[in-house]
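Down below is the structure, laid out as structure tokens.
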């Protein structure tokens, strides 16, 4: 369910944190997960992010934690000003960073920089204070969760696998897929954060 966001709500969010909003502008076409607003205030402009899907769970706790850790590891980004909930709407307020979208100026250097950031993200340790939302349904222990994911996928390789109906693979490929998944059980893995949608638009 796509959330409609009245700019008046954005102004209310900003005012609740002691800022006086002068102008609210929505950034359109730069992502689908959040509605993103740039708010000009009497001091510096800020960004307000609100989940686009009104039924989506609050993920801003995870984003706040990750932004803080990323800063510690030299990955540039905004700092979190506030996180909260008004009238059932969760939001995140961040500092505004002036820049250019990588999609508009895509180059080999852009992709090289993204690779460097991706490598830096993976080096961030997932410490005990990491929010629960950062982990999968299989728990906080990465190795146990990985094994559980493999077991789940192995269990799906049967004649009623929905992926067969969707023609993602053919039934005669199940033995090959099963062997590949079983082989992964013995592979030594390193576990770290992974940015799920690191892209030039960010």
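What follows is calculated from the coordinates using simple rules that are stated; it is not laboratory data. Because the structure is a prediction, the values reported are computed rather than measured. In this analysis, Cβ positions are derived from the backbone assuming ideal geometry, glycine residues included, and neighbour counts consider all displayed protein chains.
Between residue 53 and residue 159, the contour length at 0.36 nm per residue exceeds the Cα-Cα span by 34.7 nm.
Pulled fully out, how much extra length does the chain show between residue 166 and residue 25, if you take 0.36 nm times their separation in residues and subtract their Cα-Cα distance?
On the way: separation 141, 0.36 × 141 = 50.76 nm, distance 4.10 nm.
So the chain would gain 46.7 nm between residue 166 and residue 25.
Pairwise Cα distances in the chain exceed 22 Å for 62 percent of all pairs.
Residues 19, 92, ranked from the fewest to the most other C-beta atoms within 10 Å, line up as 19, 92.
Give the shape of segment 110-156 as rounded, prolate or oblate, defined through the alpha-carbon gyration tensor: a ≥ b ≥ c are the square roots of its eigenvalues, a/c under 1.5 means rounded, and otherwise the shape is prolate if a/b is larger than b/c and oblate if not. Here segment 110-156 falls in the oblate category.
If each residue of separation counts as 0.36 nm, what is the full-extension length gain between residue 41 and residue 138 once their alpha-carbon separation is subtracted? The partial results should precede the final answer.
Details: separation 97, 0.36 × 97 = 34.92 nm, distance 4.32 nm.
Between residue 41 and residue 138, full extension yields an extra 30.6 nm.
With only the Cα atoms considered, segment 75-181 has a convex hull volume of 239 Å³ per residue. Label-to-label distance for residue 101 and residue 183 is 4.1 nm, based on points extended 7 Å past Cα in the beta-carbon direction.
From the square roots a ≥ b ≥ c of the eigenvalues of the alpha-carbon gyration tensor of segment 135-186, which class results: rounded (a/c under 1.5), prolate (a/b over b/c), or oblate? Don't skip to the end; give the middle numbers.
Details: a/c = 3.37, a/b = 1.77, b/c = 1.91.
Cα axes put segment 135-186 in the oblate bin.
Kirkwood-type hydrodynamic radius, segment 1-80: 13.8 Å, calculated from all non-identical alpha-carbon pairs.
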